[in-house]
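Take a look at the structure set out below.
Nothing in this text is a laboratory measurement; each read-out follows from the coordinates by a stated rule. Computed from a prediction, not measured in an experiment: that's the story for all the values here. Ideal geometry is used to build each Cβ from the backbone, glycine not excepted, and the neighbour counts take in all protein chains shown.
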Amino acid sequence: MPLVKIAGKTVYFAHVPKCAGTSIEHYLINRFGPVGFVDWQYMDLPEEARWSKSSPQHVDVNTLSTLLPKHFIDESFSVVRHPVDRLLSVFRFQRDAVGSIETEKTFGAWLAGLSTRAPYYLDNHTLPMCQIVPEGAEVFKLEDGAQPIINWLDNLAGDTSGPRDIPGTNKLDDLLKVLGRKPGPPVHATEANIVVIKSLYKEDFLRFGYEIDR
């Protein structure tokens, strides 16, 4: 639940995994100062040493409403992504960089088991976006680029100081170079895969205005 102070307001950034969330957190820090409830080393801890079921930045809306009283947050925003692209990105990241998915497992086989996974699977990377983004939050689409986000933050802050771009961080290719690994086989969504994604993420398509056939 990344929280940042902007012009005296408490602002919540609903970090949807694989939607440039880490890049935006870095931007918020560089422009506005320290951000609360972010732990980039959370997954490096052994499971028994973790204080919560997910990293604080990937909190779901039900947990958020339990931990923070109503009206505690002044403003909130989030970035979302087409569900098919998001799931492909999650699969590649978890298979190639994290190693939580076997190299030989196909995208389709992985998708087929998603509905039976326990809560908080892969640090909420596969949680539907609508279960992370609070109602009333300002929602931006990754496909529209960084400028609309910066414009909104400018209006909120009442100035245009700070960086004018949001550089990408946590990119898969960069991580693989650091780790000394090669990417796995290319991954594409088949028509059958898209049918499964449509079923599992129906609410995301409806709420955020994404079409199956792009």
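Roughly what % antiparallel, to the nearest 5, for the DSSP beta bridges in segment 3-208?
40 percent
Taking the longest Cα principal axis of the chain as reference, the axis of helix 191-200 is set at about 50 degrees. The Cβ shell under 13 Å around Gln147 holds other residues with a net charge of -2, Lys and Arg each +1, Asp and Glu each -1.
Summing charges over neighbours of Pro134, with a neighbour being any other residue whose Cβ is under 13 Å away from its Cβ, gives -3 when K and R count +1 and D and E count -1. Secondary-structure-derived ellipticity at 222 nm for the chain, considering helices only, amounts to -9500 deg cm²/dmol, per-run term -39500 (n - 2.57) for DSSP H runs with n ≥ 4. Highest-first packing order for the peptide set 21-33, 75-87, 115-127, 155-167 is 75-87, 21-33, 115-127, 155-167, based on the mean count of other beta carbon atoms within 10 Å. Let me know the shape class of segment 1-77, please: from the alpha-carbon gyration tensor, a ≥ b ≥ c as square roots of the eigenvalues, rounded when a/c is under 1.5, otherwise prolate if a/b is greater than b/c, or oblate. Verdict is oblate for segment 1-77. Among residues other than Gly33 with Cβ under 13 Å from its Cβ, the summed charge is +1 (Lys and Arg +1, Asp and Glu -1). Pairs exceeding 23 Å between alpha-carbon atoms, taken from Lys18/Lys177; Lys5/Lys53; Lys9/Lys70; Lys18/Lys105: Lys5/Lys53. For helix 21-32, what angle does its Cα long axis make with the longest principal axis of the chain, in degrees from 0 to 90 and rounded to 10? With rounding to tens, the tilt is 20 degrees. How far, in degrees from 0 to 90, does helix 83-92 lean away from the longest principal axis of the Cα atoms of the chain, to the nearest 10? Helix 83-92 sits at roughly 70 degrees to that axis. Summarising the overall dimensions of segment 3-208 from its C-alpha atoms, the Rg and Dmax are 17.3, 51 angstrom.
Would you list which aspartates and glutamates come within 17 Å of Lys198, measuring only between C-alpha atoms, while excluding same-chain residues fewer than 8 positions from it? Output for Lys198: Asp85, Glu211, Asp213. With a Förster radius of 22 Å applied to the beta-carbon distance between Ser161 and Ser52, the computed FRET efficiency rounds to 0.05.
Taking each residue as 0.36 nm, the span from Lys141 to Arg117 lengthens on full extension beyond its C-alpha to C-alpha distance by 5.9 nm.
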